[in-house]
Structures are given as C-alpha cells and as structure tokens.
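Single-structure report; data block below.
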Amino acid sequence: MPKPMEKPRNVYEAALARIEKIFNDFDNIYVSFSGGKDSGVLLNLCVDYIRRNKLKRRIGVFHMDYEVQYNLTMKYVDEVLAQNTDIFDVYRVCVPFRVPTCTSMHQSYWRPWDDELKEAWVRKMPRSSYTKEDFPFYNEDMWDYDFQVKFAEWLHEYNQAKRTCCLVGIRTQESFNRWRAIHSDRNYCCYKHYKWTRKMADNVYNAYPIYDWKTTDIWVANGKFGWSYNHLYDLYYQAGVPLEKQRVASPFISAAVSSLSLYRVIDPQMWGKMISRVNGVNFANIYGDTTAMGWYSVKLPKGMTWERYMHFLLDTLPKEIKEGYLEKLGTSINFWRTRGGVLADETIEKLQKMGIKIEIGASSAYRTSKRPVRMEYLDDIDIEEFREIPTFKRMCICILKNDHTCKYMGFAATKADRERREKVMSKYKSYLNGENE
C-alpha cells in the first residue's frame, strides 16, 4: 500500500524543526539580536524551545549596539535580556567600527561609541558591554559587517566549542539580496546540505531558521504566543508606515533615510542628540521622504551649467569624498565612451530625434535585448529615462543625495568594497564549490 501523504508543515513548524536540528548538532549557539521584529521572533522561538524541552543549556545573544537608536528599541532589548538571565549569555557589543551613512556630504561612514567624541554620545554605554578592548581582532578600518564575521570565530575559540552556529533572523521576503543568500547556487557550502545554513569558517556556521516567513507570519506568531516585541512597531503602524517598511536599523543608512523624519516625532529627545552626532541628519530628515531627493526638484543655480555646478559642489567637500566622486565620474565617462550603456530601442529613438550624437552597437555582452550605446556625457536631458543617460545633472543629484557609492547612477559595489569583503572571506575559499565536512 502507498504511504499516506505527510501533512504539510506551516512555517512555524518548519522553523521549530530547523531549530531542533541546530540544538542537536551544535554545542555553541547564539542569536544575532537587533531588537527588530525578525530577530525578536527568532529569539523567542529559541527561548520557548529551551524551556519547553527543559534543556539544561544556555544560549548566546549577540547584540551590536549602534549607540543611536529609538529609546523604545533600547527598552525592549534591555527587557528581553533581563527576563532570561538564567539561559542567556549576553554579548552586548559597543565598538567603534565603521558604519555607512547616507545623511552627510562630509562623511561616508560614522563610528558609534567613538572615544574621541565621547562627550557627544547620545546615551551612556550600557553596563557589562563588550568594548573594542575585549576583541583582539578589532582594528579601526573594520566595518560593522567585518566585525560580525570575525566575532563568530572569536566566540567559537572563546567558548572552546566543537561546533558553533549563529542564528540570524533574515527573511527572503525582505529583499532580493536576502533571497539570494538562501537560494543562490554560488553560495558558500551548507551544513549537511541544509540550504538555510552557510559555512563561515571551520566548524562555524550561520543559520536562517525563519527565512521563509512573511511579515504577517511574524505578527501572527507574536499575537498567538503572546511574545514580547518592540512597541516601536505600534507607533510605526499608527504613523501609517506599511508593515513591509517597518524596520529597526541604523538611522543613517540609505534604507532608513525615508523614515528618518519619524525620529523627530516619535523620539524627540533622541532626535535632538542625533542632529549633533552625525552631520547632515536634519537635511536628510527634511528631504529624505520627498521628491527633493530626486531629479525632478533639483534646481540649477542661475548662470551655471550642470557641469559647473557639479564642480562647485565637489569643491565644498573634503578631499577624500571629492576624490571618490571624481573616480566614479571618470569610470562612468570611460564606460560610456568605450563600452557603452545598454538602452531600449525607444530610448535610442528619442536620442536620435533630439539630435544627440550616439554610436549604436549590434549586441551586448549582458543578458538583455537592449543595445549598447556609446556617447559623451551630456549636461542635462529632458526625457523619462533620465537616470539611464550619462549627464552631469545626474552626478549632481548623487552629490546632493550624499550617495557616496553613486547607486543612483547604477554603480554596484566599488573595488574597495569588493576588496574589503574579499579580504574578510579569503580564508574561507576552501569551503566554496560545495565542499562539506
């Protein structure tokens, strides 16, 4: 007789099964806990699992404290950590690593808990925090992403573990990059071929037990099981912020700029400290959620061309920031002269009708039906596909948006960014190409 079909598992049951596998196979487990909804649910799942099964073991909680954060978030983090002292080993990290910022023309990054700016800290450093002195691997060139990777290795050695797992609350619904972290064929090898895990070092893994959850699943679980959560989300909801855009993140990154104005309303005390902590916060608050940060509203000063205005803006910037923009501009000019950008036929036709000199290639190396077009930089152009055409106005917008990486112009990660990540991951190359223990 054929075997009866198994009842499909819901995402909650699937997450519990993954957590059980981790607890059975790893002696050293910790949760990366930001204070957001996803990491909060993941931590609650682990707490429930330990208490329900009466396990006589502890679990680590890794919290990267970025100094500047909503008071409600800090209150939630403090409460969660205090309620579970019997099973938590807390690693609250207050380290001045580099953190990207898109709020300032003068800063491409900032440092939380910077010793040189101690008088400007927005709050006191929490007690029992781990500082840079606790981590021999720390250096001033380290970004927050680098620190997370190195911390896993450090904790593995610190606890003299046989096998370490960091549980991370990411969901593929949130972004394509997160979807790719789980499903891409080019990922680092998994633990026992579980696609929701990634090997980071010898006997050190990341695991993503709730990768297939949706935003609604998070809130259903909080309501059904009565789990505690960050009540900042209640205020987000009352402010009309859509569920999918309610995030707890560093307030100075590009993904948070559009909601930066909420800080002034929700947490005015913190807002007052923020505007003196990182340059450009108030400008981003005023313009971050309006079309003023887009090309429709950027006005050219009287008597100037966009090229002249670009150089004027560049001359107001620190040397390092200015040189970064000029490097991007030079790369872009050379690209459009030699290789050409791919454009749709209708866009090409518009350029031809406007009398703009272009050279059209037959085919492109990219996987697209669009055709490569070589051309010189223009000062400005008034067509719907403005962002696709090389203009000095487009460069001005990047500068005004504090877009240090020029994502607005279509730039991917810089060579320096790639080299930084490659340096961090170089020691793990032996684990690529599907090699397993």
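A short reminder: the numbers here are calculations on the coordinates, not readings from a lab. Everything numeric here is computed off the predicted structure, so don't read it as measured data. Here Cβ is always computed from backbone atoms with ideal geometry, including for glycine, and neighbour counts include all displayed protein chains.
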- Once fully extended, how much extra length lies between Ala17 and Glu346, figured as 0.36 nm per residue of separation less the alpha-carbon to alpha-carbon distance? 113.3 nm
- Which FRET efficiency value, to the nearest 0.05, is calculated for Thr338 and Lys118 with the Förster distance at 56 angstrom and r the Cβ-Cβ distance? 0.65
- Message: Exceeding 32 Å between C-alpha atoms, which entries from my cross-link table qualify? They are Lys124/Lys245; Lys299/Lys328; Lys21/Lys407; Lys353/Lys407; Lys118/Lys322.
- Response: Lys21/Lys407
